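The next block holds one structure in the form of C-alpha coordinates; read it before the comments.
The values are calculated or read from the model by the stated rules, or taken from the named source; none is laboratory data. Everything quoted here is computed from the prediction, not taken from an experiment. In this analysis, Cβ positions are derived from the backbone assuming ideal geometry, glycine residues included, and neighbour counts consider all displayed protein chains.
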Amino acid sequence: MPTRLEIRSAAHGPHWVAWAVKPGEDKPVGSVVLVGETQAEAEERARKWIDSLPD
(Lines give C-alpha, C1' and ligand atoms only; values in the text may rest on other atoms or scores of the structure.)
Protein backbone atom coordinates (compact mmCIF):
# COMPACT_ATOMS: atom_id res chain seq x y z
CA MET A 1 0.00 0.00 0.00
CA PRO A 2 1.59 3.30 -1.03
CA THR A 3 0.22 5.37 1.87
CA ARG A 4 0.09 4.14 5.43
CA LEU A 5 -3.52 4.09 6.64
CA GLU A 6 -4.75 4.76 10.16
CA ILE A 7 -7.66 3.01 11.85
CA ARG A 8 -10.37 5.01 13.58
CA SER A 9 -13.25 3.54 15.58
CA ALA A 10 -16.31 4.63 17.51
CA ALA A 11 -19.14 3.10 19.50
CA HIS A 12 -22.36 3.18 17.50
CA GLY A 13 -25.41 1.90 19.37
CA PRO A 14 -24.82 -1.62 20.66
CA HIS A 15 -21.78 -2.23 18.43
CA TRP A 16 -18.53 -0.65 17.27
CA VAL A 17 -17.56 0.59 13.83
CA ALA A 18 -14.04 1.02 12.46
CA TRP A 19 -12.69 2.54 9.28
CA ALA A 20 -9.39 3.32 7.62
CA VAL A 21 -8.30 6.88 6.83
CA LYS A 22 -5.32 8.46 5.14
CA PRO A 23 -3.16 10.46 7.57
CA GLY A 24 -4.68 13.90 8.15
CA GLU A 25 -8.09 12.94 6.72
CA ASP A 26 -11.36 11.89 8.33
CA LYS A 27 -13.24 10.33 5.40
CA PRO A 28 -13.15 6.51 5.31
CA VAL A 29 -10.98 5.16 2.49
CA GLY A 30 -13.30 3.68 -0.11
CA SER A 31 -16.30 4.70 2.05
CA VAL A 32 -15.88 1.37 3.88
CA VAL A 33 -16.99 1.05 7.52
CA LEU A 34 -16.58 -2.29 9.32
CA VAL A 35 -18.78 -3.41 12.21
CA GLY A 36 -17.92 -5.52 15.26
CA GLU A 37 -19.46 -6.39 18.61
CA THR A 38 -16.42 -4.88 20.35
CA GLN A 39 -13.90 -2.19 19.50
CA ALA A 40 -11.18 -4.82 19.14
CA GLU A 41 -13.28 -6.86 16.72
CA ALA A 42 -14.17 -3.86 14.55
CA GLU A 43 -10.55 -2.69 14.44
CA GLU A 44 -9.30 -6.19 13.59
CA ARG A 45 -11.74 -6.31 10.68
CA ALA A 46 -10.41 -2.95 9.52
CA ARG A 47 -6.81 -4.24 9.73
CA LYS A 48 -7.74 -7.29 7.65
CA TRP A 49 -9.48 -5.07 5.09
CA ILE A 50 -6.39 -2.84 4.85
CA ASP A 51 -4.19 -5.93 4.41
CA SER A 52 -6.41 -7.07 1.51
CA LEU A 53 -5.85 -3.84 -0.45
CA PRO A 54 -3.50 -4.04 -3.44
CA ASP A 55 -0.06 -2.50 -3.01
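In region 1-30, what count of residues is obtained for those that are in contact with a strand residue (DSSP E or B) (Cβ under 9 Å, 6 or more places away or on another chain) and either surrounded by 14 or more Cβ atoms within 10 Å (Cβ to Cβ) or under 19 Å from residue 54 (Cα atoms) (or both)?
Adding up the residues that qualify gives 16.
Taking the chain, which residues are in contact with a Lys or Arg (Cβ under 9 Å, 6 or more places away or on another chain) and of a type in the set (Phe, Trp, Tyr)?
19
Which of the residues spanning region 31-42 are surrounded by 11 or more Cβ atoms within 10 Å (Cβ to Cβ) and out of contact with any Ser or Thr (no Cβ under 8 Å at 6 or more places or on another chain)? Give the steps one after another, and end with the answer.
Taking region 31-42 and keeping what is surrounded by 11 or more Cβ atoms within 10 Å (Cβ to Cβ), we get 32-36, 38-42.
Result: 32, 33, 34, 35, 36, 38, 40, 41.
Are there any strands (runs of 3 or more DSSP E) wholly within the chain with 2 or more residues that are touching a His at 6+ places or on another chain (Cβ under 8 Å) and without any contact (Cβ under 8 Å) to a residue 40 or more places away in the chain, and if so which?
34-36
Given the conditions (1) modelled with pLDDT of 95 or more; (2) loosely packed, with under 12 Cβ neighbours inside 10 Å; (3) not acidic (Asp, Glu), report the number of the one that residue 46 does not fulfil.
(2)
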